[in-house]
Every structure is written in structure tokens, then in C-alpha cells.
């Protein structure tokens with residue numbers, strides 16, 4: 001019983017000591033970029049567009065995943081990429097004109 005009262009007292013003291021610190025100056029600049037993956041929440045172009053718009057509004061960098069692998073043969077031989085890869089890269093470049101792009105492939 002004593003332990004429970006002690007824990008409750010400590011918890012109450014911690015809770016009462018929490019407050020907003022208004023003395024911290026706002027810093028509008030960062031020394032790093034923040035990036036997110038605009039992975040769509042649903043199938044379809046509307047979900048993809050919404051995801052990209054949210055990513056662009058809330059980050060400095062957009063992370064693009066090529067989940068279907070790297071087209072090594074085409075890359076090594078200088079041939080055009082498959083339509084799915086070329087389309088993904090083109091739409092990402094068009095949507096993220098003002099952002100840095102990090103491209104990953106799995």
C-alpha cells in the first residue's frame with residue numbers, strides 16, 4: 001500500500017511539473033534534410049497524388065522506391081528502361097521539382 005501511494009505521489013509530482021516552455025526560441029532552419037516516402041495509403045492515382053502532395057508539403061526530400069528491382073540489363077546496355085520504371089521515375093521527377101530525391105531499389 002505504501003509503495004502504491006509513493007508511486008502515485010511521484011507520478012503526480014511529475015505530472016504537475018510538466019509545462020510548456022515558452023522560452024525556447026523558434027529555429028526556422030535545420031542543418032539536415034527531412035525526407036519521407038510517399039507510399040500511397042490505397043491503390044489508385046488519387047491516393048498516390050495525395051501521398052506525394054503530403055510528402056512534398058512536409059519534407060525537404062522525397063524518397064522514391066523501385067520495389068520491382070533494378071533494370072540492370074537495360075542500364076548496362078544503354079537501352080530504355082521498362083515502361084513501369086520509366087513512368088515511376090518521370091512522375092517522381094515531375095512531382096518533386098522543388099525537392100531533393102533519394103532513389104532506392106529493392
Just one of the numbered conditions (1) surrounded by 13 or more Cβ atoms within 10 Å (Cβ to Cβ); (2) at pLDDT below 80 is not true of residue 74; which one? (2)
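The rows are residues; the columns are (1) assigned to a helix (DSSP H, G or I); (2) modelled with pLDDT of 80 or more; (3) surrounded by 12 or more Cβ atoms within 10 Å (Cβ to Cβ).
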residue	(1), (2), (3)
24	no, no, no
29	no, no, no
86	yes, yes, yes
90	yes, yes, no
104	no, no, no
Under 6 Å by Cβ, and 6 or more places apart or on different chains, what pairs join a residue from region 78-103 that is in contact (Cβ under 8 Å) with a residue 40 or more places away in the chain with one that is loosely packed, with under 12 Cβ neighbours inside 10 Å and in a strand (DSSP E or B)? none
So, residue 47, is that one over 11 Å from residue 102 (Cβ atoms), touching a strand residue (DSSP E or B) at 6+ places or on another chain (Cβ under 7 Å) and at pLDDT 85 or above or not? no
What number of residues within region 32-76 are in a loop (DSSP other than H, G, I, E, B) and within 17 Å of the chain's Cα centre (by Cα)? 13
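The values are calculated or read from the model by the stated rules, or taken from the named source; none is laboratory data. Computed from a predicted structure; not experimentally measured. In this analysis, Cβ positions are derived from the backbone assuming ideal geometry, glycine residues included, and neighbour counts consider all displayed protein chains.
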